[in-house]
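The values are calculated or read from the model by the stated rules, or taken from the named source; none is laboratory data. Computed from a prediction, not measured in an experiment: that's the story for all the values here. Here the Cβ positions follow ideal geometry from the backbone for every residue, glycine too, while neighbour counts run over all protein chains shown. Calculation scope for accessible area: heavy atoms of the full protein, side chains included, ligands and nucleic acids excluded. Shrake-Rupley method; radii C 1.70, N 1.55, O 1.52, S 1.80 Å.
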Amino acid sequence: MKKLKILTYGCQMNVADSERMEGLLRGIGYTRIENFEDADLVLINTCCVRETAEDKAFGKIGELKRLKSKKPSMILGVTGCMAQKEGENLIKRAPHLDFVLGTGQISEIARVVEGIETLRGQVVDISNVDGKTEIEKISPIRAGSVSTFIPIMYGCNNFCTYCIVPYVRGRERSRSPEEIFDEIKEAVNSGFKEITLLGQNVNSYGKGTNTNFAQLLAEVDKISELERVRFMTSHPKDLSDEVIEIMSSGKKICEHIHLPVQHGSDKILKKMNRVYTAEKYLNLVEKIRAKIPDIALTTDLIVGFPGETEEDFAELLDFIRKVRFDAAFTFIYNKRSGTPAAIFPDQIDEKIKIRRIEELIAAQNEISLEKNLTMKDKVFEILVEGESKTDKNVFTGRTRTNKLVLFRHGNEKPGDLVKVKITQPQTWLLKGVRVDEKITG
């Protein structure tokens, strides 16, 4: 048995890619382990969308130099977005690496590793970034047992000025509906109760197929034994009335949309190339809530974008108070080389960025807590995920609106649907008690 250690940074798409690469490597005799020291192959699947993720990956690659010198037979490889962006520069910076594979070469990892096992040497391949990734031929080794990710498309055509994704993930390519349905059914047959349809922009799914995203969503909603359906990420400009209608009428499609707005100032949105205004976003939110009153809305927000004035930041604070997001992922803008915004004038001082993000987080936390407090003493259907990381007597699960719930463990098991009464709402999670026996499981 050959031993594999995978370290994954970044988004849900990277998690799905790691699962597929593990599936391919299982086919040539590798079994996953948790520690680095015993590994015959260490695979670092990287992200470069945020500077922190890139720094962590570089740090780990540096740490592994000492282990590689002690164990020269160990194969060390880097994949993912940072690999695509850096290419040969990674080998120059870290000559102890054995291979660097870009985002378009997932399906080649077993062949590359077998070649290195036989001939040693180094491999760098960042080609095929715009080509079709043959994921339909890969059986992933899925993490967890309740929820899993199903990629439906790759790449992005939007070219937001701050974002590296189109350059490292390529242009949009959609999988065929048949491939997607087959993978969902395989996951359901393996016991998974919830799936999340993944794409850099799921709303634009369908290029090269005869099915749009709304039609795909409607068909997925019909799959028996599947309890819940989620999707991410949505671009506001492409969220259609048809998708909203399908969500409102669907039985398994959860009442949650992650809808990144990034900012609340029209001036900054234009500089970001987001192609909508704050008013258009607000109108879209009103339309969604009119059709799906219990919807939970989450978003991404960036502070400190080049040229952001105090007035622009005040508009952002006013905007989130108008929308009242259930939660927001907040980020300080940092330069990504190769993107237009990296060379924009009027870059913002770091101290100002830190002050603004602290204000933004405080404002959003207040809203999140207020919204969660309205759930006190109400009963919700919870999909059980498993034991809390800090207390084995407490189980965790999620509402259909994707809110984390903690409750005292009884006879339930992961994958069960149970009813929980919320007794203690908090900003980032809810605590409650079981009110009856499980619904299904």
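Select from the range 135-235 those trypsin sites (Lys or Arg not before Pro) which occupy a DSSP coil region and have at most 14 other Cβ atoms within 10 Å, ordered by residue number.
Arg171, Lys207, Lys222
Remark: the Glu114-Glu350 segment gains 80.4 nm on full extension, using 0.36 nm per residue and subtracting the alpha carbon distance. Split the accessible area of the range 94-242 by element, probe 1.4 Å, and carbon with sulfur accounts for 49%. A straight line joining the Cα centroids of the range 345-419 and the range 19-55 runs 28 Å.
Only Cα pairs under 8 Å and 6+ residues apart enter the sum, and on that basis the relative contact order of the range 43-103 stands at 37 percent. If the segment from Asp130 to Glu242 were pulled out straight at 0.36 nm per residue, it would be longer than the present Cα-Cα gap by 37.5 nm. For the range 240-276, applying the loop criterion from DSSP together with a ceiling of 15 other beta carbons within 10 Å to the trypsin sites (Lys or Arg not before Pro) yields Lys251.
Using the Kyte-Doolittle scale, which helices in the chain average at least 1.0 and also have C-alpha atoms spread 27 Å or more along the helix axis, with helices defined as whole DSSP H runs?
Numbers: long enough: 51-70 (30 Å, -1.09); 350-373 (34 Å, -0.50).
TM-like helix candidates: nothing returned.
Longest stretch of the chain clear of exposed loop sites (GluC sites (Glu not before Pro), DSSP loop, at most 15 other Cβ atoms within 10 Å, sites excluded): 226-436.
For the chain, the per residue solvent-accessible surface stands at 43 Å², with DNA, RNA and ligands left out and a 1.4 Å probe. For the range 1-138, rounded, prolate or oblate, judged on the Cα gyration tensor with a ≥ b ≥ c (square roots of eigenvalues), a/c < 1.5 rounded, else prolate if a/b > b/c? Rounded shape, in that the Cα axes give a/c under 1.5. Between amide H atoms placed 1.01 Å from N, distances below 5 Å from Asn201 occur with Thr233, all of them 5 or more places distant or on a separate chain.
How high is the FRET efficiency from Glu88 to Met1, r the C-beta distance, R0 51 Å, rounded to 0.05?
Working: r = 33 Å, r/R0 = 0.65.
With a Förster radius of 51 Å, E is 0.95.
If you run the Gaussian network model on the chain, springs between alpha carbon atoms under 10 Å, then out of Tyr205, Tyr276, Tyr162 the most flexible one is Tyr276. Straight Cα distances below 25 angstrom link Lys92 to the lysines Lys5, Lys56, Lys60, Lys65, Lys68, Lys70, Lys71, Lys335, with same-chain residues fewer than 8 positions distant left out.
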